[in-house]
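Beneath this line is the structure, given in structure tokens, with notes to follow.
The values are calculated or read from the model by the stated rules, or taken from the named source; none is laboratory data. Here the structure is a predicted model, which is why all the values come from computation and not from measurement. Reconstructed Cβ throughout: ideal geometry from the backbone, glycine too, with neighbour counts over all protein chains shown. Just the protein is used for accessible areas: all its heavy atoms, side chains included, with ligands, DNA and RNA removed. Shrake-Rupley method; radii C 1.70, N 1.55, O 1.52, S 1.80 Å.
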Amino acid sequence: MTASTVTQSDVDVLVVGAGFSGLYLLHRFQKAGFSARCFERGDGVGGTWYWNRYPGARCDVESMQYSYGFDEDLQQEWDWPEKFSAQADILSYANHVADTFDLRKYITFETEVCAAQYDERAQIWRIETATGETVTAKHFVMAGGCISTAQVPQFEGLSDFKGETYHTGNWPRQPVSFAGKRVAVIGTGSSAIQAIPEIANEAQHLTVFQRQANFSIPARNQPMTPEYADTWKSDYAEKRQEMRYMPNGVLREVNNKSALEVSEAERQATFEARWEAGTGAFLGAFNDILTNKASNDTMAEFVRGKIRQIVKDPATAEILCPTTHPIGTKRICIDNGYYQAFNRDNVDLVDISETPIGRMTETGFPVGDRMFAFDAIVFATGFDAMTGTLFNVDIRGRDGRALKQKWEAGPRTYLGLMSESFPNLFMITGPGSPSVKGNMINSIEQHVDLVVDTIIHMRAEGLQSIEPELEAENEWVDHVQVVAHKTLFPQANSWYMGANIPGKPRLFMPYIAGVGAYRQTCEEIVAAGYKGFQFKTSNPSQTP
Ligand code: NAP
């Protein structure tokens, strides 16, 4: 990046977040000759994998696929130790990428962006940090992640509790020891399901508080063998290309049969084989699990059967059997011994579906007339997903219009990439794009390439600003909902639906038509001259 490309703004591009989106953005902007800066609230790179250091944190997409595909040398030289990578290994990889491509010099760490205002006259963004710095940029890219604003519910009396408290998504940098301690885990989502077996191994006693039970599939993690890694590395480029057009951005076997068109014996054998293989491929056992409730019920019942087999105490097993949502309509969890942990003498499960946690005290909290005392409470209570991180910045577009106000009834984007009234503001994997419904790194690369190629196009054509047309945006917002309502997803009280945050609008936020289909749509839109976008060539006040 050279100073000569800087126009009237301090930099061409300001990026928020140095996770996998931010790192790849900086690399692409660097190569394309744009000046860029990045603000990151943590003191290191890695985003999700920097913050989520809770015990057991691990990716549920295979390492060979959950990694960048943009650089052949990078994908050949990096060796993953396990089939499913632990948080520490993914964080090492992010650091390796930052060093290999010399990206740290663009990043200001421990700096939170608090406000950003578009100056329509100057056609620049004015971005302010909590540390008092103001930077102007022609383009502003929010790359802060979809699941990055940790959510601790407003438990009454929370500040009275004198023991240790942790949130899985904001875990301390220093190691935490639960040895000899009485620990509570509140929540049974993906984070809790990974953390519980690990905490149970260490704590004197663990009590798990469950509001809704979740479906979890065994990860069947194993050490990476050179032979398996070679099956990828021998033709990585071709495999990556194939992944890019898969429904979830992941290469896996898809069964094109309905669960209802096969015999009971074939159905059970198929479920059994997928259960043995483990991972999210389980949901792909049949092609209508997420669209046909009767098909879905067959799979849900299979998993409930497994829970009843694994968990020895029948009453505990029944509480762990999910009944509140179709399987897969909340993110399927992947575990390493989750259900087995409830067979330990030092682990108890408390059902809080009907009687919630009562007022917290110095030592713990009651549930109904039972009082619990703890040395530590782990909040595995999730995130203000998809919009929380965008709303943490007071973003104001044309005429001072606030993004938060425009999105009061739910996010409004074109392609999950931009929002009308906010020129030159790009979101990486924003609401209305497949984002969390696919392999995140794969989707990140697609969005980053789209954003950077668009800005290169604008430079070549002398275009100053880009913004979606209102009509195109409205159509896209409707389309996202139409597609979602063809599936069972809206039937769950999930964070996809904003249901975990009191007062958040209820609507399905990601785009569910598939990663490959979405990519094709984006390609068609660009080929049609950026259909649905409008460009401006000069300052509007100078336009006759
Ligand atoms: P989550 O799925 O939103 O789970 C939060 C849990 O906290 C739920 O069990 C929820 O209960 C409970 N909870 C929330 N508020 C509560 C309250 N007031 N009282 C009692 N319980 C409460 O959050 P997460 O587990 O952190 O996972 C979020 C997402 O991050 C996942 O869906 C996944 O996409 C991603 N993730 C991925 C991995 C991986 O790759 N392996 C690992 C961790 C996370 P209800 O269900 O009743 O609302």
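Taking region 201-213 as the range and being within 10 Å of VAL183 (Cα to Cα) and within 26 Å of the chain's Cα centre (by Cα) as the test, only VAL208 passes.
Residues of region 348-370 that are more than 15 Å from the ligand (Cβ to nearest atom) and more than 18 Å from LEU158 (Cβ to Cβ): ASP348, ASP369, ARG370. All conditions in (1) in a loop (DSSP other than H, G, I, E, B); (2) more than 11 Å from the ligand (Cβ to nearest atom); (3) of a type outside the set (A, V, I, L, M) hold for GLY145, with the sole exception of (2). Would you check if there is a residue in region 371-381 being touching a helix residue (DSSP H, G or I) at 6+ places or on another chain (Cβ under 8 Å) and away from the ligand (no atom under 16 Å from the Cβ)? Within region 371-381, not a single residue is touching a helix residue (DSSP H, G or I) at 6+ places or on another chain (Cβ under 8 Å) and away from the ligand (no atom under 16 Å from the Cβ). Entry remark, region 323-337: residues being more than 18 Å from LYS486 (Cα to Cα) and open to solvent by 20 Å² or more (accessible area, probe 1.4 Å) number 4 in total. Among the residues making up region 154-169, those that are at pLDDT 95 or above and outside any strand (DSSP E or B) are PHE155, GLU156, GLY157, LEU158, SER159, ASP160, PHE161, LYS162, GLY163, THR168, GLY169.
Output the residues belonging to region 114-128 that are in contact with a Lys or Arg (Cβ under 8 Å, 6 or more places away or on another chain), open to solvent by less than 50 Å² (accessible area, probe 1.4 Å) and not in a loop (DSSP other than H, G, I, E, B). Outline the logic, then answer.
At the first step, the residues of region 114-128 found to be in contact with a Lys or Arg (Cβ under 8 Å, 6 or more places away or on another chain) are 115-120, 123-125.
Still in the list and also open to solvent by less than 50 Å² (accessible area, probe 1.4 Å): 115-116, 118-119, 123-125.
ALA115, ALA116, TYR118, ASP119, ILE124, TRP125 - these are the residues of region 114-128 that are in contact with a Lys or Arg (Cβ under 8 Å, 6 or more places away or on another chain), open to solvent by less than 50 Å² (accessible area, probe 1.4 Å) and not in a loop (DSSP other than H, G, I, E, B).
Do we have ASN439 as within 16 Å of the ligand (Cβ to nearest atom) and open to solvent by less than 10 Å² (accessible area, probe 1.4 Å) here? It would help to see each step written out before you state the result.
Working: within 16 Å of the ligand (Cβ to nearest atom): yes; open to solvent by less than 10 Å² (accessible area, probe 1.4 Å): yes.
Taking the combined requirement at face value, the residue satisfies it.
Can you tell me which of GLU301, GLU253, GLU261 is open to solvent by 40 Å² or more (accessible area, probe 1.4 Å) and within 14 Å of SER216 (Cα to Cα)? Step by step, each of GLU301, GLU253, GLU261 is checked, and only GLU301 is open to solvent by 40 Å² or more (accessible area, probe 1.4 Å) and within 14 Å of SER216 (Cα to Cα). Where helices (runs of 4 or more DSSP H) fall wholly inside region 403-518, the ranges with 2 or more residues that are touching a helix residue (DSSP H, G or I) at 6+ places or on another chain (Cβ under 9 Å) and under 23 Å from ASN392 (Cβ atoms) are 403-406, 440-461. The residues on offer are LEU74, LEU158, and the sole one that is away from the ligand (no atom under 16 Å from the Cβ) and more than 20 Å from the chain's Cα centre (by Cα) is LEU74. Pairs linking a residue in region 379-403 that is more than 30 Å from GLY163 (Cβ to Cβ) to a residue that is assigned to a loop (DSSP other than H, G, I, E, B), with Cβ atoms under 6 Å and 6 or more positions apart or on different chains, are MET386/CYS146; MET386/MET509; THR387/PRO411; GLY397/SER421; GLY397/PHE422; ARG398/GLU120; ARG398/SER421; ARG401/SER421. Scanning region 506-535 for residues that are open to solvent by 60 Å² or more (accessible area, probe 1.4 Å) and closer than 30 Å to ARG211 by Cα yields a single hit, ARG506. Regarding region 357-364, can at least one residue be identified that is more than 30 Å from GLU128 (Cα to Cα), out of contact with any Leu (no Cβ under 8 Å at 6 or more places or on another chain), of a type in the set (Ser, Thr, Tyr) and touching a residue at least 12 places away in the same chain (Cβ under 8 Å)? Yes, the conditions are met somewhere in region 357-364.
Select from region 491-505 the residues that are in contact (Cβ under 8 Å) with a residue 24 or more places away in the chain and more than 13 Å from the ligand (Cβ to nearest atom) and write down the one among them that is most open to solvent (accessible area, probe 1.4 Å). Here the residue is GLN491.
Every listed requirement among (1) without any contact (Cβ under 8 Å) to a residue 40 or more places away in the chain; (2) open to solvent by 20 Å² or more (accessible area, probe 1.4 Å) is met by ALA484 save one, (2).
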